[in-house]
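To keep things clear, I will list the structure first and then write my remarks on it.
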Amino acid sequence: MNRNDKQFMAQKIRAQYMEKEITELDELRRLDAEVKRPANIFSYIFGSIGAIVTGCGMSLIMTDIADMINFGGDPMVAGIVIGIFGLAMALVNYPIYKAILNSRKKKYSAEILKLSEKIMNN
């Protein structure tokens, strides 16, 4: 390893331990993430639960799980009801996501617009 490579590696490692100054652009990115993160987290979790519920309904219909768990009723009807409920969850996921995102945008819009205007004018 030559001297320039050693200096580059040393600077790269040193930069990890130095305190970084927070710029206005970093603050704008943080605010943007703060707006989007709750809506994304909710959407991922709710959508996953909806997919699992739909899969449970499908499994009840297509396999002999109903016999193994001594299901008393008609597994076809129960599986269809459970599957439709899971599909309904998946269907309403996007409108709920948009509602959460729009409410967060409304809450932070003034601060984000002010900061972005300040950055663009500099």
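The values are calculated or read from the model by the stated rules, or taken from the named source; none is laboratory data. All of these numbers come straight from a predicted model, not from anything done at the bench. A quick note on method: Cβ atoms are made from the backbone with ideal geometry, for glycine too, and the neighbour counts reach across all protein chains shown. Accessible surface is based on the protein model in full, side chains and every heavy atom, while ligands, DNA and RNA are left aside. Shrake-Rupley method; radii C 1.70, N 1.55, O 1.52, S 1.80 Å.
Restricting attention to the chain, the count of lysine pairs at 8 or more positions apart or across chains with alpha carbons under 24 Å apart stands at 18.
Computed over neighbours whose Cβ is under 11 Å from that of Leu60, the net charge equals -3, Lys and Arg +1, Asp and Glu -1. With a 1.4 Å probe rolled over the protein heavy atoms of all chains, the accessible area of Ser109, Ser116 falls in the order Ser109, Ser116, largest first. For the set Met18, Met120, the ranking by accessible area, highest first and with no ligand, DNA or RNA atoms included, is Met120, Met18 under a 1.4 Å probe. Assign one of three labels to region 63-122, namely rounded, prolate or oblate, based on the Cα gyration tensor with a ≥ b ≥ c the square roots of its eigenvalues; rounded applies when a/c is under 1.5, prolate when it is not and a/b is larger than b/c, and oblate otherwise. Note, shape of region 63-122 comes out prolate.
Ligands, DNA and RNA are left out, and with a 1.4 angstrom probe the accessible area of the chain is 79 Å² per residue.
Loop-located trypsin sites (Lys or Arg not before Pro) in region 1-49 (DSSP state other than H, G, I, E, B) with a sparse environment of at most 13 neighbouring Cβ atoms within 10 Å: Lys20. Carbon-plus-sulfur accessible fraction, the chain (probe radius 1.4 Å, protein heavy atoms only): 63%. When Val81, Val92, Val35, Val53 are compared by accessible surface with a 1.4 Å probe, the order from highest to lowest is Val81, Val92, Val53, Val35.
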